[in-house]
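The values are calculated or read from the model by the stated rules, or taken from the named source; none is laboratory data. Note that this is a predicted model, so its numbers are computed, not measured. Positions of Cβ are backbone-derived with ideal geometry, glycine not excepted, and every protein chain shown enters the neighbour counts.
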Amino acid sequence: MLNDISLKEAFELVLKNITPTTLTKTISLNQALGEFLAEDIIAKRDAPAFSNSAMDGFGFKHSNSKKLKIIKTIYAGDKFEDFELNEDECVRIMTGAKVPKNVNTIIPIEKCLKVTDKYIEIPEIKKGANVRVKGEEIKKGEILIQKGEEITPETIALLASQGIYFVKVFIKPKIAILSSGNELKEPWEKANDDEIYNVNSHAIKALLQNKGFNAEIIGIIPDNFEKTVEFINSLKNYNVIITSGGISFGDADFIFKAFKQNGLKELFHGIKLKPGRPTMVGFMKKTLVFAMPGNPISSYLNTFFLAIPTLRKLSGANKYYYNFVYAKNKNEFKLNPKKAHTALGVLKYGEWEVINNYKYGSSMLSALAKANSLIVVDEGKEKIKEDLVKIIPFNTDFVKKGMFFN
């Protein structure tokens, strides 16, 4: 029988046994989106690199003078030998233009009391207004982005602003996806009434891709023990294998036995979870193996919940716990207290509603398609009341540490 452990135990046990990769490569910013930095990024220059104007207006040395003579016009990009202004002088200056050495205040044109070609009259204005001081945002030599951070569009903007075009990142794992069952057909094939389509492989591949990981769909393993052993033996060049189906102890469920034949040492085999009990995780020498359930929702959610955080840690990410939001549960629903639960729902305007009052089967893909989030409930609870609960949106980000169980 399955050696069930709690969902919390399963989650933490997998992460505990993962050693992040040390393999790296150097790539350009145009290739870096979604990768994890393999070293701290150090600022090469101050930001701003020079003190400049935040507005179109007039720059001057703050004093009691209220009538200032215009001595020069400075445009963004102008290069000039630096100079100092007297207290009764100012420069006309444009946004982004470098300020002379003792100019410490900028007044926008529209806030001046009077403007002529030769002078301006100004009201009281706070010293330092509208001047971007050299290095006020970033100091040269400080850590700009930490090792293990995921490279996002915003990260790329920051790197580009420093003139950093090549970055060292961790190499992500090579992942194989396969399904088990003679009854399976690929979506491009014709299926008879007694056959089903290979949902799991394509759903898992899409989920991994959405979370920044590439994977290969290797194929469908027939329900034959000898062929399964041989097939799995051919996959040892992959860093990670994700299977679906064939992990229970039915007469035709050969995958677990075939992995054992190939030297698999499991961390666990079975989770006290609805849906998704028949789940196994282990190592076949250096290859990490996730054997997911055959039912589509179970397979998808266990990949989302267990595999994605694990793959992030394996890939050198410094954040691999799902972030969560609090929302009010719209409708009370019942649970089996002997199990943990991952329930699908819709998060909207600060409220969360479970799909179909949590009365859907683990093969009902319409429930998955309607959902945009899930709730993870630890065992021991008989119901989720109309109260604040922790919700994991499907598009959530990741944090260094956090517990999203309810």
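Worth pointing out:
- Of note, ASN30 does not satisfy the criterion of being modelled with pLDDT under 95 and surrounded by fewer than 16 Cβ atoms within 10 Å (Cβ to Cβ).
- Residue tally, condition loosely packed, with under 15 Cβ neighbours inside 10 Å and over 17 Å from LYS334 (Cα atoms), over the range 373-393: 0
Each row is one residue, and each column tells you yes or no for (1) part of a loop (DSSP other than H, G, I, E, B); (2) surrounded by fewer than 16 Cβ atoms within 10 Å (Cβ to Cβ).
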site: PHE11; (1), (2): no, no
site: THR21; (1), (2): yes, no
site: THR26; (1), (2): no, yes
site: SER63; (1), (2): yes, yes
site: PHE80; (1), (2): yes, yes
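- Tally of residues being among the hydroxyl-bearing types (Ser, Thr, Tyr) and closer than 14 Å to VAL240 by Cα across the range 260-315: 4
- The single condition among (1) closer than 30 Å to THR19 by Cβ; (2) of a type in the set (A, V, I, L, M); (3) at pLDDT 95 or above that MET403 does not satisfy is (3).
- Qualifying residue in the range 189-198 (condition: of a type in the set (Ser, Thr, Tyr), under 20 Å from SER366 (Cβ atoms) and modelled with pLDDT under 90): yes
- The condition (being among the hydrophobic types (A, V, I, L, M, F, W, C) and more than 28 Å from the chain's Cα centre (by Cα)) is satisfied by just one residue among PHE290, PHE259: PHE259.
- Residue check, LYS98 surrounded by 13 or more Cβ atoms within 10 Å (Cβ to Cβ), within 30 Å of GLN31 (Cβ to Cβ) and in contact with a strand residue (DSSP E or B) (Cβ under 6 Å, 6 or more places away or on another chain): no
- Test result for GLU81, acidic (Asp, Glu) and within 30 Å of GLY380 (Cβ to Cβ): no
- Unmet requirement for LYS101, which otherwise passes all of (1) modelled with pLDDT under 95; (2) of a type outside the set (Val, Ile, Thr); (3) over 25 Å from GLU137 (Cβ atoms): (3)
- Per the listing LYS274, LYS286, the residue uniquely over 15 Å from LYS174 (Cβ atoms) and not acidic (Asp, Glu) is LYS274.
- Residues that are among the aliphatic types (A, V, I, L, M), buried (at least 22 other Cβ atoms within 10 Å of the Cβ) and in contact (Cβ under 8 Å) with a residue 40 or more places away in the chain are absent from the range 320-332 altogether.
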